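Step one of this worksheet: look at the structure below.
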Amino acid sequence: MTDKNDQNGSLISKAKKGVDGFGRKDKPVVSIENLVVEQGFNVRGIGLSLDEYLEQPHVIEHIEGLAQSYTNGDYVPPIVVKFDKESGKAVIRDGWHRYKALLLCIERGVPIQKVEVAEIKGDEATQQILMLQSANQLELTPVERAEIIHRLHSYGFDEKEIAQKIRKSVTYVADMMKIYDLQWENKNKIQKKESSYATALKDEKKANPKKAKKEKKKKKLVMEM
């Protein structure tokens, strides 16, 4: 029986057919050139410039550790991708740091041509939830988590539905929405680890008492759900 997904074009079907740049061992593998990053999808370093994010010590350490693992042939979880039939590319959905580590390896002359990937076929909401819940990545900051929660909300899910999807409480989702609504200046401080999100929320509450009163009323409604 022919898989319907393979008829529409997928990484596995390309790997089976031996399409240039794609291959298969136990799982699909893709050449580095066929991996692409979609602008605006990744929430990493949101509120910071790319250079500001990449210059943070913990990010440098994380990418370097991944690069060493690739160089030594140690196990690194597959990069999760969404196959784009139009461009014929594998669009990264989880594994941005791993991709950066691979580029670093290539820059250093490490002979890596292909990397193992896992294909995700879900909708945009499924892909956002994967980014939020993945255990294979550097932990997301509160600001980055809040961005994903907001994206899910923009897809039409209410706070209760989001809570069910990400297996968190409605209160947690409401708190993330508050972090999303913070001024960029406060988000930037959180991202740079110059302030905790609790302090940022407290400072904004003092600066905007009317907004805080409105949020208190909303929280009461959430708690009564």
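The values are calculated or read from the model by the stated rules, or taken from the named source; none is laboratory data. Quantities reported herein were computed from a predicted structural model and do not represent experimental measurements. Using ideal geometry, Cβ is built from the backbone for each residue, glycine included, and neighbour counts are taken over all protein chains shown.
Quick notes on this structure:
- Residue count, segment 70-88 (criterion: polar (S, T, N, Q) and either without any contact (Cβ under 8 Å) to a residue 12 or more places away in the chain or in a strand (DSSP E or B) (or both)): 1
- At least 2 residues being more than 16 Å from R98 (Cα to Cα) and at pLDDT 85 or above is the threshold, and among the helices (runs of 4 or more DSSP H) wholly inside segment 1-69 those reaching it are 50-54.
Here's the yes/no breakdown for (1) over 30 Å from K205 (Cβ atoms); (2) aliphatic (A, V, I, L, M):
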position	(1), (2)
K85	yes, no
G88	yes, no
E159	no, no
V173	no, yes
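- Scanning segment 138-188 for residues that are of a type in the set (D, E, K, R) and at positive phi gives a single hit, R167.
- Taken over segment 36-77, residues that are surrounded by 12 or more Cβ atoms within 10 Å (Cβ to Cβ) and among the small types (G, A, S) amount to 5.
- Listing of helices (runs of 4 or more DSSP H) fully contained in segment 91-207 that carry 2 or more residues being over 17 Å from the mean Cα position of the chain (by Cα) and surrounded by 14 or more Cβ atoms within 10 Å (Cβ to Cβ): 96-107, 159-166, 170-180, 184-191, 197-207
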